[in-house]
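Participant: There's a structure below that I have some questions on.
The values are calculated or read from the model by the stated rules, or taken from the named source; none is laboratory data. All values derive from a computational prediction rather than experimental measurement. All Cβ positions, even for glycine, are placed from backbone atoms using ideal geometry, and neighbour counts span all protein chains on display.
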Amino acid sequence: MTEFTTITIASARLAGWLLVLLALLLSGPLLMLALGRVPLHGDWRTATHRSAGLAPDPATHREAVVQVYASRAFGWRGAFAVHSWLAAKPADADGYMRYEVIGWYARAGGSSVSISDSSAPDAEWYGAAPSVIRDLRGPEAETVIAKLPQAAADYPHAMSYRVWPGPNSNTFIAHLGRKIPELGLTLPSTAIGKDYLPVGQVLAQTPSGTGLQLSLSGILGVTVGRDEGLELNVLGLVMGLDLRHPAIKVPGIGRLPGAS
């Protein structure tokens, strides 16, 4: 067997494995589309932003509240990823403030960071119902709220935004988790952008503060943490295993069994 033939066979095998890996990465998002879990058609201008009824009513719940939400991204992007944000209500306040990153603010030349009370804390994200991924009340919430303004101000990517691989809305919420350990935040594996680290930085704590992650600009990396489990990031899509709360993590789908 000639050296050229050996190289050709090795290259063909590598290409075959890469195709298998790509098929595995895309199988979850394609299944989400096939099952109709994510609509391909829709107009963002008429999409709904109704309250999902998940946030405690400030009129009857006077204690401090912090909740982190995630909703499927709009359109076909929802087959791959979620959009996440944080809502906070200090004790005795009459309403919530939403902390999130909105991409078109940066594209218009401003800061992508939005801190506003103009939307319901648990509003649908362009028609996609949210789920609560973290819920703190009372003194625990007050501790987080006290640190939120500075943590948001310290976000290093306020003037830039990229849907993939980041920095995006999930990068911002991951940043808040790292800056405020008391938040105890574990983002879903479908939060593409949570693993984004700026060029020149390859190692960081996980957003939960219970482990470490190695990441090449959110495109390739590995995460090991008590709360995150083991996650492998390839092209921003995450496969993994959670032993603490037994589940496997599948790109596009999220946790099996369980929600994304």
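Participant: One residue is enough: does region 119-126 have a residue meeting the conditions buried (at least 22 other Cβ atoms within 10 Å of the Cβ) and in contact with a Phe, Trp or Tyr (Cβ under 6 Å, 6 or more places away or on another chain)?
Facilitator: yes
Participant: Let me ask you something else. Is there a residue in region 173-188 that is of a type outside the set (Lys, Arg), farther than 27 Å from Ala79 by Cα, out of contact with any strand residue (DSSP E or B) (no Cβ under 9 Å at 6 or more places or on another chain) and at pLDDT 95 or above? Walk me through it before giving the result.
Facilitator: Filtering region 173-188 down to residues of a type outside the set (Lys, Arg) leaves 173-177, 180-188.
Next cut, farther than 27 Å from Ala79 by Cα only: 180-183.
Those still in the list that are out of contact with any strand residue (DSSP E or B) (no Cβ under 9 Å at 6 or more places or on another chain) too: 180.
Filter once more, so that each one left must be at pLDDT 95 or above: 180.
Scanning region 173-188 turns up at least one residue that is of a type outside the set (Lys, Arg), farther than 27 Å from Ala79 by Cα, out of contact with any strand residue (DSSP E or B) (no Cβ under 9 Å at 6 or more places or on another chain) and at pLDDT 95 or above.
Participant: Sort through Leu35, Leu54 and tell me the only one that's free of Cβ contacts under 8 Å to residues at least 12 places away in the same chain and either more than 26 Å from Gly95 (Cβ to Cβ) or under 20 Å from the mean Cα position of the chain (by Cα) (or both).
Facilitator: Numbers: Leu54 fails: free of Cβ contacts under 8 Å to residues at least 12 places away in the same chain.
Just one listed residue meets the conditions, Leu35.
Participant: Sticking with this structure for a sec: From the residues in region 212-223 that are among the aliphatic types (A, V, I, L, M) and part of a strand (DSSP E or B), which one is surrounded by the fewest Cβ atoms within 10 Å (Cβ to Cβ)? Step through it out loud before you land on a result.
Facilitator: Going residue by residue through region 212-223, those that are among the aliphatic types (A, V, I, L, M) are 212, 214, 216, 219-220, 222.
So of that shortlist, the ones also part of a strand (DSSP E or B) come out as 212, 214, 216, 220, 222.
On the way: Leu212: 13, Leu214: 15, Leu216: 15, Leu220: 15, Val222: 15.
The qualifying residue surrounded by the fewest Cβ atoms within 10 Å (Cβ to Cβ) is Leu212.
Participant: Moving on to the next point. Within region 129-138, does at least one residue satisfy the condition of being more than 17 Å from the chain's Cα centre (by Cα) and surrounded by fewer than 19 Cβ atoms within 10 Å (Cβ to Cβ)? Step through it out loud before you land on a result.
Facilitator: In the first step, residues of region 129-138 are kept if they are more than 17 Å from the chain's Cα centre (by Cα); the result is 136-138.
If we keep only those that are surrounded by fewer than 19 Cβ atoms within 10 Å (Cβ to Cβ) too, we end up with 137-138.
Checked region 129-138: at least one residue is more than 17 Å from the chain's Cα centre (by Cα) and surrounded by fewer than 19 Cβ atoms within 10 Å (Cβ to Cβ).
Participant: Tell me whether region 42-52 contains one or more residues that are surrounded by 11 or more Cβ atoms within 10 Å (Cβ to Cβ), of a type in the set (Phe, Trp, Tyr) and at pLDDT 80 or above.
Facilitator: Initially, region 42-52 is screened for residues surrounded by 11 or more Cβ atoms within 10 Å (Cβ to Cβ), giving 42, 47-52.
Keeping just the survivors that are of a type in the set (Phe, Trp, Tyr) gives none.
So far as region 42-52 goes, no, none of its residues is surrounded by 11 or more Cβ atoms within 10 Å (Cβ to Cβ), of a type in the set (Phe, Trp, Tyr) and at pLDDT 80 or above.
Participant: When you look at Glu231, is it in a strand (DSSP E or B) and acidic (Asp, Glu), yes or no? Don't jump to the end; show me each part of the working.
Facilitator: Numbers: in a strand (DSSP E or B): yes; acidic (Asp, Glu): yes.
For Glu231, the condition - in a strand (DSSP E or B) and acidic (Asp, Glu) - is met.
Participant: Working carefully through the options Gly193, Gly209, find the one that is farther than 25 Å from Arg162 by Cβ, part of a loop (DSSP other than H, G, I, E, B) and in contact (Cβ under 8 Å) with a residue 12 or more places away in the chain. Before you say what the answer is, go through the steps one by one.
Facilitator: Values: Gly193 fails: farther than 25 Å from Arg162 by Cβ.
Sole residue among the options that is farther than 25 Å from Arg162 by Cβ, part of a loop (DSSP other than H, G, I, E, B) and in contact (Cβ under 8 Å) with a residue 12 or more places away in the chain: Gly209.
Participant: Related question: Please name all residue pairs, on different chains or six or more residues apart, with Cβ atoms under 8 Å, provided the first residue is in region 92-116 and is touching a residue at least 60 places away in the same chain (Cβ under 8 Å) and within 20 Å of Leu54 (Cα to Cα) and the second residue is surrounded by 16 or more Cβ atoms within 10 Å (Cβ to Cβ) and among the polar types (S, T, N, Q).
Facilitator: Tyr99/Ser114; Glu100/Ser84; Glu100/Ser114; Glu100/Ser169
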